[in-house]
1. Only one of these is touching a strand residue (DSSP E or B) at 6+ places or on another chain (Cβ under 8 Å), at pLDDT below 85 and outside any helix (DSSP H, G or I): G194, G190. Name it.
2. Considering only strands (runs of 3 or more DSSP E) fully contained in region 22-127, which possess at least 2 residues that are at pLDDT 80 or above and surrounded by 10 or more Cβ atoms within 10 Å (Cβ to Cβ)?
Amino acid sequence: MAVTNFVPDIWSARILTNLSVTSVAAGICNRDYEGDASVGDSVKITSITDPTITAYTGADMTPEDIDDATRALLLDQKQSFNFYLDDVERAQAVNGGAVLAEAVNRASYGLSNTMDAFVLDLMGAGVSLTAPDHLLTQAAIDTAAEAYDLLVKMAALLDVANVPQENRWAVVTPGFYGLMLKDTRFVAAGDASGAATRANGVVGQAAGLTLHKSNNLPNGALSTNETSKLVLAGSNYATTLAEQVRSVEAYRVEKKFADGVKAFTSWVPK
């Protein structure tokens, strides 16, 4: 890749695509307000109160005034990368231009990994002991049956909280997923989507939950055969995620014969 062949809009789209494909956070959050992020540093979310449901008796009805509220979410999480490839190194490499492209792909993965860790930590910090959140504390999960039963408990708690059946998920550790692979209820149910691990960590379905595997889960009381981590379950409706690539540039590095690429992104989960 030469600087003269660099098109910022195309590379911005490429970085965003890589973020979406490789990010667990992108799979467990809704993106309903992301389009608004392109016009400024914040995302405005408008919500309304639930209408009151009353018995109909045939008498005159008085309409209810529905109030709305607007919240502004600031895209205050900012990350960047900046690297270069020496002309000599590029000339000596096979498909030298592809080296920078691959480096951008790796940088995009690094951005998604940083975003995942932040989003999962935020979700873990928001869990409470009471409804509608529930923090389940128990001894170590050592068997496949215990792992599967935990997911069933989580799915039941989502039912109690009247969470819609669609777009439910759970994020588990690699060790937890390893235990699940020993349970025939999980393995036998493996359809085309569950048979292959995707780039964004989707590893299958269990108890009505789409399972994602991640090393970025926050520390917690629940443990498997690894370091104690939280296992999270929820719905895409609970958290919104907005992200955008603010700027991506290719440049000739001063005082070197080298091409450089730098980018700046921002995002917010809520």
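1. Residue meeting the stated conditions: G190.
2. By residue number, 77-86.
The values are calculated or read from the model by the stated rules, or taken from the named source; none is laboratory data. Bear in mind the structure is a predicted one, so any value in this text is a computation, not a measurement. With ideal geometry, Cβ positions are generated from the backbone for all residues, glycine too; neighbour counts draw on all protein chains shown.
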